[in-house]
1. Whether any residue in region 22-34 is closer than 24 Å to Gly185 by Cβ, in contact with a Pro (Cβ under 9 Å, 6 or more places away or on another chain) and open to solvent by 40 Å² or more (accessible area, probe 1.4 Å) is what I want to check.
2. Tell me, which residue of region 354-365 that is in contact with a helix residue (DSSP H, G or I) (Cβ under 6 Å, 6 or more places away or on another chain) and modelled with pLDDT of 70 or more is most open to solvent (accessible area, probe 1.4 Å)?
3. If you take the residues in region 168-188 that are among the aliphatic types (A, V, I, L, M) and within 19 Å of the chain's Cα centre (by Cα), which one is most open to solvent (accessible area, probe 1.4 Å)?
4. Quick test for you: out of Gly213, Gly167, Gly208, pick the one residue that is assigned to a loop (DSSP other than H, G, I, E, B) and modelled with pLDDT under 90.
5. Might you check whether a residue that is among the hydroxyl-bearing types (Ser, Thr, Tyr), touching a residue at least 24 places away in the same chain (Cβ under 8 Å) and farther than 30 Å from Arg236 by Cβ occurs anywhere in region 169-178?
6. So is Val113 in a loop (DSSP other than H, G, I, E, B) and open to solvent by 30 Å² or more (accessible area, probe 1.4 Å) or not?
7. Answer yes or no: is there a residue in region 68-81 that is within 18 Å of the chain's Cα centre (by Cα), of a type outside the set (Lys, Arg) and assigned to a loop (DSSP other than H, G, I, E, B).
8. Please return the ranges of helices (runs of 4 or more DSSP H) entirely within region 227-346 where 2 or more residues are of a type in the set (Gly, Ala, Ser) and either exposed (fewer than 15 other Cβ atoms within 10 Å of the Cβ) or without any contact (Cβ under 8 Å) to a residue 12 or more places away in the chain (or both).
Amino acid sequence: MTQHRPLPRTLVPLEDESLVGLLLRLAQHTGSSPAAIAVRMGLADRVGVHVPTGSLLALPPRKLAEAAHVAGLSLPAMDNLLLAPLGERYGPLNQQHAPWYGPQLLTHPRRWVHLRSTQFCECCLAGKDNPLGAELGGSWKRHWHLPVVFACVEHRRTLRRCCPSCGRPAHATRQGLIAHATHDGLHPVQCRASSVFQTDFRERSVCGAYMTGKQRGRSMSKDLATHEEIINVQRRVDALLSPDGPAETISCGELVSVAQYFMDLRAVAALIYASWPQARPLAATEVLARAIEGDATRRHRISRGLRSRVMGAPARDYFLAPPATALATAAILGIAERLLKAADNSAERTELVALYRREVEGCHALGSRHVNDLGASPSLRRIFGLAPIPRMAAPRGASQMPAAEAE
């Protein structure tokens, strides 16, 4: 039975809004704190206790029903504030392609999910041109937690990852879902990062800078060809992630589910980084090639240093993580798209096989086990000469309880 009464004032979720965004807007709308709203919705036991990070990922049925009741939402509307439903189209969140049993498995960079932080578009956060939008700001979107979303097509700019004032990752906190959740005087679009580096769990003052377009905007690139390539790649990714998008797409000459296609993109991206600069000629523009160059050079340097100091160290993980910048993301995904869409016997198909052979058969940065762990499709594995791996789907309900209760 639901223990808490509905909120006296509630809000309709904005388009693609995340649970964190709704909690922040409800706190501002009701003159309360995010922690108090979370307790009221049954997401935390009492004020002062961290809201579990897994609450953003999935909620068990009982907690989902209680939170929906308190917020005045339907069960589907409440569920659509969480990240797990995105797994229907995004492979790294899909239980069949990349099973997870709690948020700890999704906080590792190679999982390609920003669970403990988010990206954002300053213009989107500024809100719509209406009284409520001006008062509460815009939507903190669920899709901003996916590394494959790196630009805002509507405002034609790359997403930010850090506060423009303090430089710390947006929404990042040592524990829980919301930093300084007990503070009740912060606007939903203000930075909640501590203004002084925290060495303990005592309350510190917060940055408080507004992360909207009113601060300072930034364009994607001065190079027109690069600008258009970024927009076009993001448009294609958005079309695949859209609930109204196609159920299947082409990968290595065969139709695969959209969720599987994103797994293939992740696998090819790792090969591009590990074998760089072999794929450099495939970059759409010189600006994008330089973006990968800087990121790949850093990864190779760290990987070599770690392998030289620690025998058996997981140095290869540096090639499995998502790109470090929006430009590098656009460049990597653009190349990966070309390789996966290439026809049989084409130069791009030959290049894809060469990337794999250089790294795996040549015993360089990646091994065959790491390629196997990336969940490549049967068609991609066939090109690499690997046998298919049967995958068992994990029931989503089995993962909801640990995800919701873990920090």
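1. Looking for residues that are closer than 24 Å to Gly185 by Cβ, in contact with a Pro (Cβ under 9 Å, 6 or more places away or on another chain) and open to solvent by 40 Å² or more (accessible area, probe 1.4 Å), one finds at least one in region 22-34, hence yes.
2. Going through the qualifying residues, I end up with Arg358.
3. Looking only at region 168-188, we keep the residues that are among the aliphatic types (A, V, I, L, M), and these are 170, 172, 177-179, 181, 186.
Still in the list and also within 19 Å of the chain's Cα centre (by Cα): 170, 172, 177-179.
Details: Ala170: 1, Ala172: 40, Leu177: 13, Ile178: 17, Ala179: 12 Å².
Top of the filtered list is Ala172.
4. Just one listed residue meets the conditions, Gly213.
5. From region 169-178, those among the hydroxyl-bearing types (Ser, Thr, Tyr) are 173; that's our starting set.
Applying the additional criterion that residues be touching a residue at least 24 places away in the same chain (Cβ under 8 Å) yields 173.
From the residues that got through so far, the ones that are farther than 30 Å from Arg236 by Cβ too are 173.
Yes, because at least one residue in region 169-178 is among the hydroxyl-bearing types (Ser, Thr, Tyr), touching a residue at least 24 places away in the same chain (Cβ under 8 Å) and farther than 30 Å from Arg236 by Cβ.
6. Against the criterion (in a loop (DSSP other than H, G, I, E, B) and open to solvent by 30 Å² or more (accessible area, probe 1.4 Å)), Val113 does not qualify.
7. Taking region 68-81 as the starting set, the residues that turn out to be within 18 Å of the chain's Cα centre (by Cα) are 79-81.
Filter once more, keeping what is of a type outside the set (Lys, Arg): 79-81.
With the extra rule that they be assigned to a loop (DSSP other than H, G, I, E, B), the set shrinks to 80-81.
Yes, region 68-81 contains at least one residue that is within 18 Å of the chain's Cα centre (by Cα), of a type outside the set (Lys, Arg) and assigned to a loop (DSSP other than H, G, I, E, B).
8. Values: elements: 258-275, 286-309, 317-320, 326-341.
Fully inside region 227-346 and qualifying: 286-309.
The values are calculated or read from the model by the stated rules, or taken from the named source; none is laboratory data. Please read these numbers as outputs of a predicted model, since none were measured by experiment. Neighbour counts run over all protein chains shown; Cβ positions are idealised from the backbone, glycine included. The area values use the complete protein model at the heavy-atom level, side chains included, leaving out ligands, DNA and RNA. Shrake-Rupley method; radii C 1.70, N 1.55, O 1.52, S 1.80 Å.
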